[in-house]
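Scroll down for the structure; my scribbles are underneath it.
Only the coordinates and a few stated rules stand behind these numbers; no lab work does. Note that the structure is a prediction, hence the values are computed from the model and not measured. Glycine also receives a Cβ, built like all others from the backbone with ideal geometry; neighbour counts cover every protein chain displayed.
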Amino acid sequence: MSRWTLVLSEFDLKYVLFKVIKGRAVADFLADNPVEETEVVDTWSFPDEDIVHVEDDMWHLYFKGAFNYKGYGIGVLLFSPDGEHVPISIKLDFNVTNNAAKYEACLLGLHGAIELGIKKLTVHRDSSLVINQVSGTWKIRSDSLAPYQAKIDELEKFFDDIKYVHLPRGENQFTDALSKLAALINIPDHIDSMPLCVE
């Protein structure tokens with residue numbers, strides 16, 4: 001390129017980038033051929049500017065399973081777009097593995113969301129195993145957990161939008177407390193449910 005510049009310097013030629021020539025040609029063409037019927041376009045108005053806020057109707061589900069010397073418990077928290085909390089705590093009256101307790105909690109939360117008529121749901125859990133298996137990222141290798149996955153797949157059909165998100169353990173403290181509370185409490189056989197007041 002520098003050799004060509006040196007050779008062409010004696011002819012008083014000037015090198016101009018092709019893009020500049022092309023852009024200038026378009027500008028010259030538009031200036032020489034104006035459109036007769038021009039319509040002024042308001043470029044400062046925004047479409048749908050009367051819509052100030054789009055309402056988020058996504059609910060959030062947090063769940064946890066716990067085990068201690070008194071039994072198994074699961075805790076679920078449904079969190080509405082309006083900021084309302086729906087806590088559920090259940091003591092399991094049968095023996096399960098730790099992972100099965102987590103799946104029981106997830107199923108309980110999905111059933112609760114369906115009963116409330118929720119259509120959009122984000123499921124949060126601090127167990128990467130359950131979240132990755134439920135979302136389909138990881139394959140389920142345990143035969144005992146496969147029926148849980150099948151039931152979750154069946155329940156997902158009730159939702160228009162469902163997402164699974166892994167969250168740090170420290171952000172799931174409330175459901176952790178609900179599950180431990182359910183595991184610790186001795187519920188008599190003749191009582192089906194006990195109200196839980198949270199302040």
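Modelled spin-label separation between residue 150 and residue 187, with each label point placed 7 Å from Cα along the Cα-to-Cβ direction: 2.7 nm. Remark on the range 59-184: Rg and Dmax equal 13.5, 40 Å (Cα only).
Once the chain from residue 27 to residue 97 is taken as fully extended at 0.36 nm per residue, the excess over their C-alpha distance is 17.8 nm. Proximity of backbone amide H atoms, modeled 1.01 Å from N, is registered between residue 59 and 120, 121, 122 at under 5 Å, excluding neighbours fewer than 5 places apart on the same chain. The HN-Hα couplings worked out from phi for the range 84-100 by the Karplus form 6.51 cos²θ - 1.76 cosθ + 1.60 (θ = phi - 60°) are 7, 10, 10, x, 9, 9, 10, 9, 7, 9, 9, 7, 9, 7, 4, 5, 5 Hz, whole numbers, x standing for Gly and Pro. Loop-located trypsin sites (Lys or Arg not before Pro) across the range 99-153 with a Cβ neighbour count of 15 or fewer within 10 Å are 119, 139, 141, with loop assigned by DSSP. Close amide H contacts of residue 72 (hydrogens built in the peptide plane, cut-off under 5 Å, sequence separation of 5 or more or a different chain): 92.
Packing order of peptides 60-73, 181-194, highest average first: 60-73, 181-194 (average count of other Cβ atoms within 10 Å over each peptide's residues). Karplus-derived 3J(HN,Hα) values for the range 107-119, using 6.51 cos²θ - 1.76 cosθ + 1.60 with θ = phi - 60°, are 4, 4, x, 5, 4, x, 5, 5, 5, 7, x, 6, 10 Hz; glycine and proline are entered as x.
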